[in-house]
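Shown next, in structure tokens, is the structure this report addresses.
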Amino acid sequence: MLVSDTSSRDLEVHLADLRAIDEVGEVRLVSGEWSASVTSGDVIVADYLTDRGELVEAARRGAAWLHILSAGVDRQGVEGLELGVITCSRGISAGPIAEYVLAMVLAQEKRLTAILGGQRVDGRLGELAGKTLAVYGLGAIGGNVARLGLAFGMEVLAMRRSDRPLPSELESVSLVAD
């Protein structure tokens, strides 16, 4: 397994975790022009900053699997790569992003910008309970935003592409047509 990761703060911990897995052979941290060391069947773990040219060369040399350490693979331009498997870490940041979204909603409702800026705030601070939250898409991020909105007592309206049944924790979300 070759790991090309320049973004992780916990890289050494992640490498140790990978090396502890019995089914994983050698784990090497690579950088620069690393694709020349790829052999047939290698697994590549790459971050979103990995050079596409290196990925193309790794595929040409027989890498079997590419895992991108981000929620999607759009930035890497992986279309057309001759790899058996391409995966990503979809949903890995859903919790923190959903929390950020609700933090911004709370900041607006509680007028935190004005308060933290030392301005006098007249009147009552708002509350989220009873307000309506619109969510476009109920994937990993949108589903977490909806869950948090429901926890604050908000009415949650959502649009989604899928007609799959909602998970039980989202049954009170109202779906709207696009």
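The values are calculated or read from the model by the stated rules, or taken from the named source; none is laboratory data. Remember, it's a predicted structure, so these values are computed and weren't measured experimentally. Cβ coordinates were reconstructed from backbone atoms using ideal geometry, including for glycine residues, and neighbour counts include every protein chain displayed. Surface accessibility is based on the protein's heavy atoms, side chains included, excluding ligands, DNA and RNA. Shrake-Rupley method; radii C 1.70, N 1.55, O 1.52, S 1.80 Å.
One table, with the values for the structure above:
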item: Tally of residues being assigned to a loop (DSSP other than H, G, I, E, B) and loosely packed, with under 12 Cβ neighbours inside 10 Å across the range 155-175; result: 7
item: Close pairs (8 angstrom Cβ cut-off, 6 or more residues apart or separate chains): within 14 Å of Leu106 (Cα to Cα) in the range 148-160, acidic (Asp, Glu) and open to solvent by 60 Å² or more (accessible area, probe 1.4 Å) anywhere; result: Leu148/Glu99; Leu150/Glu169
item: Filter result (over 28 Å from Val173 (Cα atoms) and either surrounded by 10 or more Cβ atoms within 10 Å (Cβ to Cβ) or under 32 Å from the mean Cα position of the chain (by Cα) (or both)) within the range 118-133; result: Gln119, Val121
item: Flag for Glu57 being open to solvent by 40 Å² or more (accessible area, probe 1.4 Å) and more than 14 Å from Leu81 (Cα to Cα); result: no
item: Looking only at the range 1-42, and only at residues there that are among the β-branched types (Val, Ile, Thr) and within 13 Å of Leu69 (Cβ to Cβ), the one that is most open to solvent (accessible area, probe 1.4 Å); result: Thr6
